[in-house]
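Engineer: Just passing along the structure, written as structure tokens.
The values are calculated or read from the model by the stated rules, or taken from the named source; none is laboratory data. A quick note: this is a predicted structure, and the numbers were derived from the prediction, not measured. Virtual Cβ from ideal backbone geometry, glycine too; neighbours counted across all protein chains shown.
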């Protein structure tokens, strides 16, 4: 893991038993899911649909934890718990913005990781 890197693929390496093609598939899955979650969280926030927001935050939490974004996972857990009860609504927007920002950084990092893996496979 590089010093300024926000992702940590030790969990992916563990569950894939080092299978590089499987790691690439899991990263692709992360890309698809996280972009969908970014959009959904923003839409649900605008609609003030807190229960659905809590459910998406829960799903997004699993995705970010998979690529080692543990702090972001904790923020999403906090969002999930608050949104379930409709509490502290003013904090939702900031957490969603952090999710979008950090997950976009993770996508950038993981694209580089994928490229490295592919180059080393061939």
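Engineer: Which numbered condition in (1) out of contact with any helix residue (DSSP H, G or I) (no Cβ under 8 Å at 6 or more places or on another chain); (2) at positive phi is the only one that residue 49 fails?
Structural biologist: Looking at each condition in turn, residue 49 falls short on (2).
Engineer: Just one of 77, 71 is touching a helix residue (DSSP H, G or I) at 6+ places or on another chain (Cβ under 8 Å), at pLDDT 95 or above, assigned to a helix (DSSP H, G or I) and surrounded by fewer than 21 Cβ atoms within 10 Å (Cβ to Cβ); which is it?
Structural biologist: Exactly one of 77, 71 is touching a helix residue (DSSP H, G or I) at 6+ places or on another chain (Cβ under 8 Å), at pLDDT 95 or above, assigned to a helix (DSSP H, G or I) and surrounded by fewer than 21 Cβ atoms within 10 Å (Cβ to Cβ), namely 77.
Engineer: When the residues of segment 88-106 are filtered to those that are buried (at least 18 other Cβ atoms within 10 Å of the Cβ) and within 14 Å of residue 28 (Cα to Cα), which remaining residue is nearest to the chain's Cα centre (by Cα)?
Structural biologist: By that ranking, first place goes to 103.
Engineer: May I pose another question? Please pick out the residue among 38, 42 that is closer than 15 Å to residue 107 by Cα and either assigned to a helix (DSSP H, G or I) or within 14 Å of the chain's Cα centre (by Cα) (or both).
Structural biologist: 38
Engineer: If you scan segment 93-117, which residues turn out to be out of contact with any helix residue (DSSP H, G or I) (no Cβ under 9 Å at 6 or more places or on another chain) and more than 17 Å from residue 40 (Cα to Cα)?
Structural biologist: Result: 105, 108, 109, 112, 115, 116.
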